[in-house]
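Structure, as structure tokens:
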Amino acid sequence: MGDQEQNTPPSVEASSMENAREEKTSSNDEPGIKYGGVKAMPFVIGKPTQLHFFFRGGTTNLAPLFGAYLSDTYFGRYKTLGFASVSSFLGMVALMLTAAISTLHPPKCEPGGGACAGPTTWQFAFLLSGFGFLIIGAGGIRPCNLAFGADQFNPNTESGKRGINSFFNWYYFTFTFAVMVSVTAIVYVQSNVSWAIGLGIPAFLMLLSCVMFFVGTNIYVIVTPQGSPLSSVLHVLVAATKKRGLKLPENSTVSLFSYIPAKSINTKLPRTEQFRYLDKAAIITDEDQINPDGSSTNPSKLCSIQQVEEVKCLLRIIPIWSTSILFHIPLLQQNTYAVFQALQMDRHLGSGSFEVPAATYIIFTMITLSIWIPLYDRIIVPSLRRLTGKEGGISLLQRMGIGMILAILCTLVSGLVEGNRRHIALTRPTLGITSKGGSISSMSGLWLVPQLALSGLSEGFNYIAQIEFYYKQFPENMRSFAGSSFFAGLALSSYVSGFLVTLVHRITSGRKTGDWLDDDLNKGKLDCFYYVIAGLGILNFGYFLLCAKWYRYKNGADSTAEMATKHIV
């Protein structure tokens with residue numbers, strides 16, 4: 001482990017030492033559990049990054065829901081991660097072989113513009129098998145990796161709590177840095193050296209990450225699954241429906257069924273007044289029978305108030321989660337239309353002949369994140385912690401709200417830049433014609449940096465806060481589901497974003513003013529499209545404020561409207 005420890009920041013090492021001292025004295029620890037904390041991170045944190053290089057979209061973002069179910073119900077996060085990592089490696093090897101072995105891909109097209117031979121059935125099947133392995137890998141890695149990493153910290157110590165908070169920041173930093181390398185160095189190798197080598201590098205890196213993951217097995221905290229958490233949710237809903245005609249007792253806290261399994265890993269939750277209808281599932285009637293160990297004989301007729309409160313946690317999360325669907329759209333559009341803008345802008349650096357590739361401008365989002373995350377985690381959070389007394393400096397909902405505001409600003413700036421770019425292209429001498437026929441504006445491509453930087457800052461606030469929010473607010477036995485929630489929202493956002501683009505095409509293409517999203521941006525009105533997205537973002541932010549005001553944190557802390565909305569605006 002020596003090489004990885006050398007790369008650990010001194011402040012993180014100090015936190016790890018403090019954590020070790022506290023673990024020896026903490027009376028809350030379960031016997032035999034040794035939390036590796038930061039020491040376990042080199043073996044865990046790099047695992048999902050290579051997967052992102054090659055396959056991303058709605059399918060891979062929805063697959064984690066199925067992987068989360070298998071992990072939380074049957075296999076646990078460790079086994080799921082191990083299987084998914086090997087699957088990802090096999091998928092990457094399959095893609096590499098399609099480029100390296102001539103019999104696994106169609107022959108090159110004949111010179112002179114003749115017809116090109118397509119892939120054979122088995123060549124296409126081999127390629128699809130590679131994508132299949134990658135989907136399986138994504139389905140297991142994405143929901144489990146973050147939760148498994150956070151499991152390594154002791155939540156009963158102050159340094160463990162701080163370690164969990166920092167872990168989400170550093171995880172996303174590592175993820176962003178890996179993507180930045182992929183879109184620069186690895187893409188360069190694929191385009192200019194060899195596709196086989198370019199695909200082989202991530203496959204080799206994935207092999208190393210698999211080896212490191214299994215090497216660290218002896219120091220991991222491995223949480224054992226406790227059966228299907230979805231069945232408990234279903235039992236509560238069924239029992240509450242069956243007892244819908246009953247009246248809740250006046251002293252509900254004492255009168256309701258309050259059994260908690262001895263080996264439950266879930267935190268005991270205080271009773272809340274929201275969704276009181278569900279409390280009826282815990283009313284004990286003459287027909288209900290209880291086992292000698294205190295559990296209900298028929299869980300679909302009588303549920304504990306603990307089970308009820310866990311279902312309430314999920315119901316409270318859903319409105320907050322739904323706000324992420326529209327929030328992702330402006331950031332997803334930056335990955336597409338910022339590149340289109342760059343294609344019709346002056347991409348030369350200074351007076352030289354070097355021209356920055358249009359797709360490379362997206363790297364400014366990643367550079368911003370790579371600078372912001374360490375700055376925020378090591379300087380801003382400690383300062384805010386001293387001012388507010390909160391572990392994370394500000395609440396998770398406040399961070400999410402700030403990210404939404406930055407996304408709106410990003411979209412407004414994008415519209416202003418695009419309007420100016422098109423004006424200059426139509427009123428001043430241009431620099432040539434793109435391959436699609438559009439005139440290139442003399443406006444410098446560096447004007448895209450502000451909107452891309454705002455996009456990165458928005459991710460730095462909202463994305464990380466979302467992931468941490470789900471991890472902490474889901475019941476402990478559903479943390480793999482918590483890990484998949486972010487990707488499920490991203491998947492739905494991808495589909496909504498595609499639908500929005502299609503809708504704008506259909507509405508505007510038949511008008512005299514022309515298609516807003518014309519291939520030639522000088523003929524379109526991309527700035528108007530940006531403003532529409534900004535308008536949706538403002539409406540979504542208003543909806544978020546209502547949800548945040550209504551939300552109650554799982555552990556009862558920060559459970560007032562003030563904590564959710566103060567300082568956001």
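The values are calculated or read from the model by the stated rules, or taken from the named source; none is laboratory data. Treat the numbers as computed from the prediction; the structure is a model and nothing was measured. Using ideal geometry, Cβ is built from the backbone for each residue, glycine included, and neighbour counts are taken over all protein chains shown. Please note that ligands, DNA and RNA were not included when accessible areas were found on the heavy atoms of the full protein model with its side chains. Shrake-Rupley method; radii C 1.70, N 1.55, O 1.52, S 1.80 Å.
Here are some notes:
- Leading residue by the ranking (surrounded by the most Cβ atoms within 10 Å (Cβ to Cβ)) among those in region 331-364 that are without any contact (Cβ under 8 Å) to a residue 40 or more places away in the chain and under 23 Å from Tyr463 (Cβ atoms): Val339
- Between Leu302, Leu237, the distinction of being modelled with pLDDT of 90 or more and either over 26 Å from Phe481 (Cα atoms) or open to solvent by 30 Å² or more (accessible area, probe 1.4 Å) (or both) belongs to Leu237 only.
- Residues (small (Gly, Ala, Ser) and assigned by the TED database to the domain that holds Phe544) located in region 275-327: Ser322, Ser324
- When residues of region 486-503 are limited to those that are surrounded by fewer than 20 Cβ atoms within 10 Å (Cβ to Cβ) and of a type in the set (A, V, I, L, M), the one nearest to the chain's Cα centre (by Cα): Leu492
- Scanning region 494-553 for residues that are within 29 Å of Tyr470 (Cα to Cα), in contact (Cβ under 8 Å) with a residue 60 or more places away in the chain and among the basic types (Lys, Arg) gives a single hit, Arg552.
- Hey, Arg347 within 26 Å of the chain's Cα centre (by Cα) and either more than 30 Å from Asn251 (Cβ to Cβ) or at pLDDT 90 or above (or both) or not: no
- Matching residues in region 136-176 - criterion: being surrounded by fewer than 24 Cβ atoms within 10 Å (Cβ to Cβ) and basic (Lys, Arg): Lys161, Arg162
- Considering residues of region 375-393 that are outside any helix (DSSP H, G or I) and over 21 Å from the mean Cα position of the chain (by Cα) only, the residue farthest from Phe461 (Cα to Cα): Gly389
- Every listed requirement among (1) open to solvent by 60 Å² or more (accessible area, probe 1.4 Å); (2) assigned to a loop (DSSP other than H, G, I, E, B) is met by Ile367 save one, (2).
- Any chance Ile222 is out of contact with any strand residue (DSSP E or B) (no Cβ under 7 Å at 6 or more places or on another chain) and surrounded by 15 or more Cβ atoms within 10 Å (Cβ to Cβ): no
- Flag if Gly419 is not in a loop (DSSP other than H, G, I, E, B) and not hydrophobic (A, V, I, L, M, F, W, C): yes
- If the condition is being farther than 26 Å from Pro225 by Cβ and touching a Gly at 6+ places or on another chain (Cβ under 9 Å), then region 245-276 contributes only Thr272.
- Residue tally, condition of a type outside the set (Ser, Thr, Tyr) and closer than 12 Å to Tyr530 by Cβ, over region 389-420: 11
- Complete set of residues in region 432-463 that are under 28 Å from Met180 (Cβ atoms) and among the aliphatic types (A, V, I, L, M): Ile440, Met443, Leu446, Leu448, Val449, Leu452, Ala453, Leu454, Leu457
- Residues satisfying the criterion are present in region 181-203 (criterion: within 16 Å of Met96 (Cα to Cα), assigned to a helix (DSSP H, G or I) and in contact with a His (Cβ under 9 Å, 6 or more places away or on another chain)).
- Gly524 fulfils the conditions (1) in contact with an Asp or Glu (Cβ under 7 Å, 6 or more places away or on another chain); (2) part of a helix (DSSP H, G or I) except for a single criterion, (2).
- Selection count where residues are surrounded by fewer than 21 Cβ atoms within 10 Å (Cβ to Cβ) and small (Gly, Ala, Ser), scope region 439-477: 4
- Flag for Gly438 being closer than 27 Å to Leu521 by Cα and touching a residue at least 12 places away in the same chain (Cβ under 8 Å): yes
- Of the residues making up region 243-264, those that are exposed (fewer than 14 other Cβ atoms within 10 Å of the Cβ) and in a helix (DSSP H, G or I) number 2.
- Every pair of residues 6+ apart whose Cβ atoms lie under 6 Å, when the first sits in region 197-223 and is over 14 Å from Lys79 (Cα atoms) while the second is outside any helix (DSSP H, G or I): Pro202/Phe53; Ser209/Gly46; Ser209/Lys47; Ile219/Gly36
- Pair list, Cβ under 6 Å, 6 or more apart: region 375-404 residue free of Cβ contacts under 8 Å to residues at least 60 places away in the same chain and assigned by the TED database to the domain that holds Ile464, other residue assigned to a helix (DSSP H, G or I) and surrounded by 14 or more Cβ atoms within 10 Å (Cβ to Cβ): Gly393/Val381; Gly393/Leu384; Gly393/Arg385
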